Amino acid sequence: MGKKKALRNHRRRAGTKTKLRNGNFSFYKPPQVSDGAVKSKWNPKKSVQMNMSALGLESQVNGEVAQRGNAILASGASAVELFDIPESDNVIPKKTKSLSMLPVSVEDQKYIVKLMERYGDDYERMARDIKRNNMQHSSHRLKKMGSRFLLLSEGQLRVELPENVEKMMASL
């Protein structure tokens with residue numbers, strides 16, 4: 001048995017199928033044009049961009065908008081300078097009266113105090129602690145919850161604060 005035949009038998013037994021050789025049309029399907037004027041000027045050997053410019057049309061209508069966005073970033077300004085995003089979402093208006101009166105629920109306050117007592121403001125370590133962080137919140141969610149908690153006023157606090165958390169709130 002020759003090498004080619006052995007390879008063919010191996011492929012057959014492995015269950016892999018070889019691709020058909022005539023798959024060109026499925027890869028590049030020429031555009032179907034119903035308008036006679038466009039059909040007369042359309043050259044299938046040219047690219048779409050060249051054909052569109054021959055018809056007097058713009059092929060990339062949003063190209064200029066994308067270039068303007070790149071120009072802003074190329075000017076040397078960083079994304080932080082362009083979009084000054086606050087740590088907490090206190091700038092978003094509250095939807096209900098209860099949320100405006102108490103931005104962090106009592107349960108969440110107890111939850112985040114328990115974590116902050118142990119880890120301070122290390123949200124990555126908080127996220128990895130599966131005993132205290134039993135809800136398995138991500139570090140991003142914990143950071144958001146923690147920053148909201150630290151912005152609470154005295155009237156909004158419903159839990160007793162440990163000493164290290166009080167120092168964190170006083171430093172703000």
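The values are calculated or read from the model by the stated rules, or taken from the named source; none is laboratory data. The shown structure was predicted, so the numbers you read here are calculated from the model rather than taken from an experiment. Neighbour counts are summed over all protein chains in view; Cβ atoms, including those assigned to glycine, are modelled from backbone coordinates with ideal geometry. The accessibility values were calculated without ligands, DNA or RNA, using every heavy atom of the protein model including side chains. Shrake-Rupley method; radii C 1.70, N 1.55, O 1.52, S 1.80 Å.
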- Query: Among Ser53, Ser34, which is of a type in the set (Ser, Thr, Tyr), open to solvent by less than 90 Å² (accessible area, probe 1.4 Å) and modelled with pLDDT of 75 or more?
  - Reply: Ser53
- What do you reckon, is Lys110 modelled with pLDDT of 90 or more, charged (D, E, K, R) and in a helix (DSSP H, G or I)? yes
- Item | Positions within region 117-169 being of a type in the set (S, T, N, Q) and under 22 Å from Met101 (Cβ atoms), in sequence order | Ser147, Ser153, Gln156
- Task: Consider Val159 carefully, then state whether it is in a loop (DSSP other than H, G, I, E, B), closer than 17 Å to Lys110 by Cβ and either of a type in the set (A, V, I, L, M) or in contact with a Ser or Thr (Cβ under 9 Å, 6 or more places away or on another chain) (or both).
- Result: yes
- Message: Consider region 1-31. How many of its residues are over 40 Å from the mean Cα position of the chain (by Cα) and either at pLDDT 70 or above or surrounded by 10 or more Cβ atoms within 10 Å (Cβ to Cβ) (or both)?
- Response: 13
- Note on the structure: Going through region 121-148 in order, the residues found to be open to solvent by less than 90 Å² (accessible area, probe 1.4 Å) and not in a helix (DSSP H, G or I) are Asp122, Asp129, Arg132, Asn133, His137, Ser138
